[in-house]
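Notes for the one structure printed next.
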Amino acid sequence: MDQSLFTYDVLAEDPGTHARAGVLHTPHGDVPTPIFMPVGTKATVKGLTPASLEALGAKIVLANTYHLSMRPGADLVAEMGGLHDFMGWHHPILTDSGGFQVFSHEEFCRLSDDGVRFRAVDYDGKWVSWTPEENMAIAQKLGADVVMQLDQCVGYPAPRSKVERSVELSSRWAERCYAAHTRPDQALFGIVQGGMHLDLRLRSLRHLTEVGDFPGFGIGGYSVGEDHETMFETLAPLVSEHMPAEKPRYLMGVGNPTTLVRAVACGVDMFDCVLPTRTARTGSAFSSEGRLNFRHARFAHDRGPLDPACSCPTCTGGFSRAYLHHLVRQKEMLGSILISQHNIFYLLDLMRRVREAVAAGTYASFVEDWMASPAARDW
């Protein structure tokens with residue numbers, strides 16, 4: 001990696017919490033942090049064009065190594081000029097390692113020190129083998145700005161011995177990913193594993209810092225069945241007390257608005273999740289009033305906008321709650337698009353307000369106000 005292409009500047013630190021605001025510099029642009037990254041699993045954020053994402057304020061999107069390696073294949077993406085050209089998004093992109101998808105196929109998965117062999121049940125059931133080196137070759141062909149090491153996570157609850165094995169495998173694979181990754185215009189992040197055991201997470205982090213100079217760190221192995229309070233028991237001290245202050249910290253797979261607000265207070269910088277678009281496809285929306293489910297009949301005659309406090313195109317475009325209820329009940333594509341648009345904007349705008357509060361040194365009161373507000377309800 002060319003160190004000059006990837007730098008991270010901490011611009012402000014909140015005096016009452018561990019929150020900080022900064023900027024991650026990449027070859028395709030700067031990313032202000034804290035930031036939420038919309039998930040474009042198969043090189044598309046479902047229902048939204050790149051121009052729409054840009055208009056909503058997205059600065060970086062995430063794509064999925066596993067799914068893209070299956071179809072259309074990393075070679076084809078490389079032939080098309082890499083992910084940026086292929087999907088028409090010329091801003092920063094992050095690709096995950098596919099480790100979480102391997103975890104989701106656990107019953108059809110075989111792990112070894114050498115790598116992983118799994119059955120791609122959602123792609124004709126064929127068996128796929130990945131070594132860390134092969135995983136890095138795929139990532140480099142896809143060409144995202146930031147890529148993640150191949151890791152292995154376990155669900156919750158799990159025996160400590162199983163979590164320890166996950167840490168051991170992820171640590172060994174981190175060494176091999178670091179050695180195999182050679183693309184200079186791409187940053188490789190290590191991933192901290194360890195389940196809900198702080199000592200194992202510290203062991204994982206310590207090993208990553210010994211492997212080499214990773215420009216950033218993912219925090220994996222959460223959102224795997226645990227409740228939020230259990231997650232914060234280990235997340236809070238891990239981030240605020242032990243993770244390097246000069247590197248971005250990326251909490252993987254978390255998109256609950258209240259969890260984002262609380263995690264920023266711990267010092268987390270980056271987030272991603274399918275929640276805003278996945279829940280939109282079932283008719284659910286974030287709002288200043290809490291969670292809204294437009295399948296419910298109470299919206300059938302409601303003339304108001306989705307969220308009067310929101311300035312997104314859905315909320316300011318003349319679309320009533322009654323209309324959204326109709327679209328959702330009739331399973332019309334436009335309903336999913338309009339609510340996805342709102343949900344993505346909601347999280348991006350939340351992060352904008354978070355950055356402003358951190359810069360003003362008032363984030364502690366921001367969290368207090370958020371937790372007391374209807375917006376925190378039901379999430």
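Among (1) over 15 Å from the mean Cα position of the chain (by Cα); (2) open to solvent by less than 70 Å² (accessible area, probe 1.4 Å); (3) more than 17 Å from residue 147 (Cβ to Cβ), which single condition is residue 34 missing?
The one condition residue 34 does not meet is (1).
Considering only segment 248-269, state which residues are of a type in the set (A, V, I, L, M, F, W, C) and assigned to a helix (DSSP H, G or I). Can you show your working first?
So the first thing to find is which residues in segment 248-269 are of a type in the set (A, V, I, L, M, F, W, C), and the list is 251-252, 254, 260-261, 263-266, 268.
The answer is 260, 261, 263, 264, 265, 266.
Take the residues in segment 294-328 that are open to solvent by 70 Å² or more (accessible area, probe 1.4 Å) and part of a loop (DSSP other than H, G, I, E, B); name whichever of them is nearest to residue 277 (Cα to Cα).
Only one residue fits best here, namely 295.
Of the residues 376, 357, 372, only one is surrounded by fewer than 15 Cβ atoms within 10 Å (Cβ to Cβ) and hydrophobic (A, V, I, L, M, F, W, C); which?
Result of the check over 376, 357, 372: 372.
Filter segment 84-110 down to residues that are touching a Phe, Trp or Tyr at 6+ places or on another chain (Cβ under 9 Å) and within 23 Å of residue 181 (Cα to Cα) and give me whichever is most open to solvent (accessible area, probe 1.4 Å).
100
In segment 115-154, what residues are in a loop (DSSP other than H, G, I, E, B), modelled with pLDDT of 95 or more and crowded, with 23+ Cβ neighbours inside 10 Å?
Listed by number, the residues that qualify are 144, 145, 149, 150, 151.
Pairs only if they're at least six apart or on different chains, beta carbon under 8 angstrom, first in segment 48-65 and at positive phi, second charged (D, E, K, R) and open to solvent by 30 Å² or more (accessible area, probe 1.4 Å); list them, first residue then second.
Going by the 8 Å Cβ cut-off, the qualifying pairs are 57/349; 57/352.
Tell me which residues, restricted to segment 266-293, are of a type in the set (A, V, I, L, M) and open to solvent by 20 Å² or more (accessible area, probe 1.4 Å).
274, 275 - these are the residues of segment 266-293 that are of a type in the set (A, V, I, L, M) and open to solvent by 20 Å² or more (accessible area, probe 1.4 Å).
Here's a check for you: in segment 9-29, which residue that is in contact (Cβ under 8 Å) with a residue 24 or more places away in the chain and of a type in the set (Asp, Glu) is most open to solvent (accessible area, probe 1.4 Å)?
13
The values are calculated or read from the model by the stated rules, or taken from the named source; none is laboratory data. What you see is a predicted model, and the numbers here were worked out from it, not measured in a lab. Methodologically, a virtual Cβ is constructed for each residue, glycine included, from the backbone with ideal geometry; neighbour enumeration extends over all protein chains shown. Each accessible area value is taken on the protein alone, full model and side chains, heavy atoms only, with ligands, DNA and RNA left out. Shrake-Rupley method; radii C 1.70, N 1.55, O 1.52, S 1.80 Å.
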